Amino acid sequence: MINENLAHYSNLFIALALVAYAFAFFAYCGEWAFGSRSRIGAKAAAVGRSGQARTAAAAAPEDAVASVGASGVSVLTRTVQEGEEPTVAGGSLRAEIVGRFAVMATFIGFLLHASGVLCRGLAAQRVPWANMYEFSCAAALAMAFAYLVLLVTGRKARWLGLPVSFIVLLTLGLAYTVLYTDAEELVPALHSYWLYIHVTAAVLSTGAFGVATIATVLYLVKAAAEDGRLPRLGGVLERVPSSGALDRTAYRVIAFIFPLWTFAVIAGAIWAQKAWGRYWGWDPKETWSFIVWVIYAAYLHARATHGWKGRAAAWIALAAFVCVMFNYFGVNTLLTGKHSYAGL
Amino acid sequence: MTEQQTDKRAEGDAPDAQGAPAGDVGGEFAEAGRLSTAPRPDTAVAVPRLGTRELLRWMWRQLTSMRIALTLLFLLSVAAIPGSLLPQREIDPSKVLQFFGAHKTWAPILDRLQLFDVFESVWFGAIYVLLFVSLVGCILPRSVAHYLAMRGTPPAAPRNLKRLPVHASFRTGAPAEQALAAAGKRLKHRRFRTAAGTDTGGAWVAAEKGYLRETGNLVFHLALLGILVAVAIGHFFGFKGARLVTEGTGFCDTVAGYDSLTKGQAVSDADLPPFCIRLDKFTASYQESGDQIGQPRTFDAYATYQASPSSPQQKVDVRVNEPITVNGTNIFLEGHGYAPVVTVKDGEGKVVYDGPVTFLGIDANFTSNGAIKVPDAKPKGLGFQGYLLPTALIMPGSMPASVFPAAQNPVLILTAYAGNLNMDSGESQSVYTLDTSRMTRLDVKNKKDAASGNALMLAVGQSATLPNGLGSITFDGVKQWAQFNIAYDPGQPIALGSAAFAVLGLVGSLGIRRRRIWVRVSETGDGARLVEVAGLARTEGATPTAEVTQAAEALAADLGVVPDEHEQQGKSTPRTGASA
Ligand code: HEM
């Protein structure tokens, strides 16, 4: 039985989350606007640049960063450490304060958002991701979660805040206005505990791929700026981490989540075996999940292939995410297959 | 390890600034420690002078290169796209026929390109066969190399440790042996594999960790082969079939019992398990209110089955996601629909048809489409074609429509024909459509309701008399049918096992960092010794900065630090050009 009260609260929480995310988004905008160029930013950019243009033998000692600790050990590193990457706020106190407010608003938005999703699940007594409205809410939640995890684990990831809050706002807004459908019970096709396993993995992966995509796009922009091709944006981009760091973030997120996506596809196959009697049947959803998987595999290969590192690999990652999006919106709305369920 | 080897390595081993894999360096360095992220250096594509053997060798090298693997992966994903955009015979043959009807010129061309059978096509097959050949050619040598690397020792320390991405050093008064022993002990304790040696520059300890990464990578790729094998086994030794059963009827697992059956080459008719199943009752429930009205909520096919003619009868409830298993063969509930029950009398007053006729649902409210064929009626064969509306909404001035999927107010709307049904023309006919080419349409004008046009409109219990004394038809009620899929796939456990290994392998391959640390102790000339600790990532972003720094600090604390009198001019003055 559906608990109408809880369903109502769920909608309320989602609406409030939208408001909080909107605050966060404007605050991040403020942080970018008020921020200033920072000295470390220039340094990291320089190291990033030399990292870009590197050839194997070009590890010039000039790029090294040295320090002598109290222990009498002197340390020489050629990698830019996390702490040395520039921040969006630069050195500006005002920007820093606004930035912290933005993070707080994101966090509050996340809590409201999570409550909304939770109430929806409790209202319908099932996992709250069984139709497109719910998938969208959950994927946006996964994205906000991935971002907050990066922050909480001590990564300097606030530069992700602006694009993440924007996309979360967009996804959630779209879900709330266009895709909304009442909380109801499941269609028989979804009556299976594999819904919990398979769809949870898929939703988490989608959110994380989204974060990786933001890093990839920023990487391409920043790399172009480092090559001097975007003189107008130079000032703003000084405060984004070096292209090397962006590239690494994108790779790390993809490398971390790719096994989960692989698992999601496999769990889907196991479910298909149980539901339809075959584990693979080239249904459009299966086909596009396979395409996404293969392109991300190509990305991982590209990064290990001489001449494909960097920009070429980044474009592959973008192509992969386009396929993720098509697999979600395109396959659900344009193509018919076994994966068409309640309220899309 | 000999001195000569060591020197050579020191030259080749020039790490890059980002601590990214040094694989690009290639050359002699590639031999001993080929590692996970170090792709085989793709030598420039230069076709050698033709000799068949050289050519084959060259082609093989190209095929097993990372670049080709990358290209083939791409091709595979692109090749899969038309399979999702165009209707596929394997999935829905009727859609393909529809497509042929709608695109008279294009369909045959696309068909010649096998675009309606993408996943069985020659070109799709060619891509994945090439990919897997490439995979074998890539993975087998790597497995051997990795096996040897696991049994060997980490490579000797490069001559100039300062060129590595992270380097920590201090001066100590402790003897070299003590420093080396302490370093070796610490690294071993941290589960590094270590080796020690001396060269002209002093003595060193080499350490490496994270071999499981490459193991994981190999397991993953081998598991992909396992999946391929499993699919092939399923193809040869498995079968799948479908059968539509109306309430009150059943079928047995014989070739004749199926509506459709696909068997692997290695399956004979006698291999089909001898079970029988009867559908006693089918129930469905639907959402009754809200914005998801009409969405299905439960399906239950209550059935009775016998595993073999001699075994006892068992009652089961087959549901979506809950198949029943009979000796390894699975029976799934795949679809459902309505079968109106009708009685047809011919012109002589004889009952020529009495029973359910399966109709196919065509929309969310289960408007169903079908045909009733009575070829043996006298004086003329009779046929009816039309729709069943499970919950009919009939309003003057608009088309009758079904507004809910459950059978709450079923109405049959039929166009009647008389004549030759063409059923023995030799061509197979769909049971859902009538061949009216040799029949005439009967004028059954229904005065009561203009909306029904020239069609019969019957509620349950109603009858209609056909014109010209051709007979009558009565709509007695509605039964439901269920479609069962029967599938047997012996490759499935292998696929599952391989998939599990693939995920585990991936986690290891992407999650484990592989790195090397070297410790070198050299005489400074003023009675102290310089201890250098340096590290190199063997995989993306694995530069062991913290490990190297901590190791150096721990060793410094252990051994004691001697300050350098020449600090100011000495080598330890950091050069920090980038921050200036
Ligand atoms: C069947 C298609 C293939 C798929 C789906 C696939 C997938 C993957 C994936 C997901 C990785 C990432 C794991 C990692 O980075 O450690 C990887 C790595 C790798 N693959 Fe493949 N692969 C395929 C075929 C091949 C082929 C044909 C080759 C040989 C040319 C190959 C060589 C490698 C190598 C050398 C790595 C290690 C790269 C690294 O460590 O970063 N793969 N593969």
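Under 4.7 Å Cβ to Cβ, no partner at all: give me those cysteines from chain B, in residue order. Taking the Cβ cut-off of 4.7 Å, the unpaired cysteines of chain B are B:C138.
Please compute the length gained on full extension between B:K350 and B:N369, using 0.36 nm multiplied by the number of residues separating them and subtracting their Cα-Cα distance. Could the numbers behind the result be given before it?
Working: separation 19, 0.36 × 19 = 6.84 nm, distance 2.65 nm.
Extra length available between B:K350 and B:N369 comes to 4.2 nm.
Give me the number: length gained by fully extending B:Q429 to B:E120, i.e. 0.36 nm times residue separation minus the C-alpha to C-alpha distance, one decimal in nm.
Taking 0.36 nm per residue and subtracting the Cα distance, the gain is 108.6 nm.
Inter-chain neighbour count for A:124-132: the average number of beta-carbon atoms from partner chains within 10 Å of each residue's beta-carbon is 0.
Per the Kirkwood formula on distinct C-alpha pairs, the Rh of the range B:112-151 is how many angstrom? The answer is 12.1 Å.
Can you tell me the order of A:17-26, B:347-356, A:128-137 when each peptide is scored by its average per-residue count of other Cβ atoms within 10 angstrom, highest first? Don't skip to the answer; put the middle values down first.
Values: A:17-26: 20.9, B:347-356: 14.9, A:128-137: 24.4.
The packing order, highest mean first, is A:128-137, A:17-26, B:347-356.
Once Rg and the Kirkwood radius are both taken over the C-alpha atoms of the range B:402-551, their ratio Rg/Rh works out to 1.62. For the range B:391-406 versus the range B:430-445, the spacing of their alpha-carbon centroids is 24 Å. Per residue, the Cα convex hull of the range A:186-334 amounts to 127 Å³.
Pair-distance distribution P(r) for the range B:340-479, from all Cα-Cα distances in 5 Å bins starting at 0: 2, 11, 20, 24, 21, 14, 7, 2, 0 percent. Using the Stokes-Einstein relation with a Kirkwood hydrodynamic radius computed over Cα pairs, the translational diffusion coefficient of chain B at 4 °C and a viscosity of 1.567 mPa s comes to 41 µm²/s.
Given just the C-alpha atoms of the range B:310-406, how large is their convex hull per residue in cubic angstrom? Write down the numbers at each step before the final one.
Numbers: hull volume 17.2 nm³, N = 97.
Dividing the Cα hull volume of the range B:310-406 by its residue count gives 177 Å³.
Exceeding 24 Å between C-alpha atoms, which entries from my cross-link table qualify? They are A:K274/B:K263; A:K285/B:K479; A:K274/B:K281; A:K274/B:K240; A:K222/B:K209. It would help to have the intermediate numbers written out before the result.
On the way: A:K274/B:K263 20 Å; A:K285/B:K479 33 Å; A:K274/B:K281 22 Å; A:K274/B:K240 14 Å; A:K222/B:K209 34 Å.
In this structure, A:K285/B:K479; A:K222/B:K209 lie more than 24 Å apart at Cα.
Distance between the pseudo-spin-label points of B:D111 and B:R190 (7 Å out from Cα toward the beta carbon): 6.8 nm.
Largest first and in whole Å, give the semi-axes of the range A:182-246's equivalent ellipsoid, each being the square root of 5 times a Cα gyration tensor eigenvalue.
On the way: eigenvalues 366, 26, 12 Å².
Here the semi-axes work out to 43, 11, 8 Å.
Take each residue of peptide B:234-245, count the partner chain Cβ atoms within 10 Å of its Cβ, and average: the result is 1.
Using the Cα gyration tensor of the range B:52-148, with a ≥ b ≥ c the square roots of its eigenvalues, what is the shape: rounded (a/c below 1.5), prolate (a/b larger than b/c) or oblate (neither)? Prolate. In chain B, the longest principal axis of the Cα atoms and the axis of helix B:3-12 are about 60 degrees apart.
What angle do you read, to the nearest 10 degrees and between 0 and 90, between the alpha-carbon axis of helix B:492-511 and the longest principal axis of chain B? Between helix and principal axis, roughly 40 degrees.
Taking one quarter of the surface of the convex hull spanned by the alpha-carbon atoms of the protein assembly as shown gives a direction-averaged projected area of 48.5 nm². Classify the range A:84-142 as rounded, prolate or oblate from the Cα gyration tensor: take a ≥ b ≥ c as the square roots of its eigenvalues, call it rounded if a/c is under 1.5, otherwise prolate when a/b beats b/c and oblate if not. Taking the square roots of the gyration eigenvalues as a ≥ b ≥ c, the range A:84-142 is prolate. Under 15 Å from a point 7 Å along the Cα-to-Cβ line of B:A401: which residues of the range B:376-395 have their amide N that close? Inside the label zone: B:389-395. Highest mean packing first, where packing is the average number of other Cβ atoms within 10 Å per residue, the peptides B:51-62, B:366-377, B:274-285 line up as B:366-377, B:274-285, B:51-62.
You can think of it this way: the chain between B:S463 and B:L393 has 23.2 nm of extra reach, that is 0.36 nm per residue less the Cα-Cα gap. A simple spin-label model places pseudo-atoms 7 Å from Cα toward Cβ; at B:A102 and B:R57 they are separated by 5.6 nm.
Peptide B:82-90: average number of partner chain Cβ atoms within 10 Å per residue? Numbers along the way, then the final one.
Numbers: counts 1, 6, 16, 5, 0, 1, 5, 0, 2.
Taking the mean over all residues of the peptide, I get 4.
Distances over 23 Å make up what percent of all Cα-Cα pairs in the range B:97-226? Cα-Cα pairs in the range B:97-226 separated by more than 23 Å: 61 percent. Annotation for B:H235 and B:D317: the two label points, set 7 Å from Cα along the Cα-Cβ direction, are 4.1 nm apart.
Over the residues of chain B, the helix contribution to mean residue ellipticity at 222 nm works out to -9500 deg cm²/dmol, using -39500 (n - 2.57) for each DSSP H run of at least 4.
Computed FRET efficiency, Cβ-Cβ of B:T440 and A:L111, R0 60 Å: what is it to the nearest 0.05? Could the numbers behind the result be given before it?
Numbers: r = 72 Å, r/R0 = 1.21.
Computed FRET efficiency for B:T440 and A:L111 comes out at 0.25.
Computed from the coordinates by the stated procedures, all read-outs in this text should not be read as laboratory data. Owing to the predicted nature of the structure, the values given are computational and were not obtained by experimental measurement. Here the Cβ is made from the backbone with ideal geometry for all residues, glycine too, and neighbour counts use every protein chain on show.
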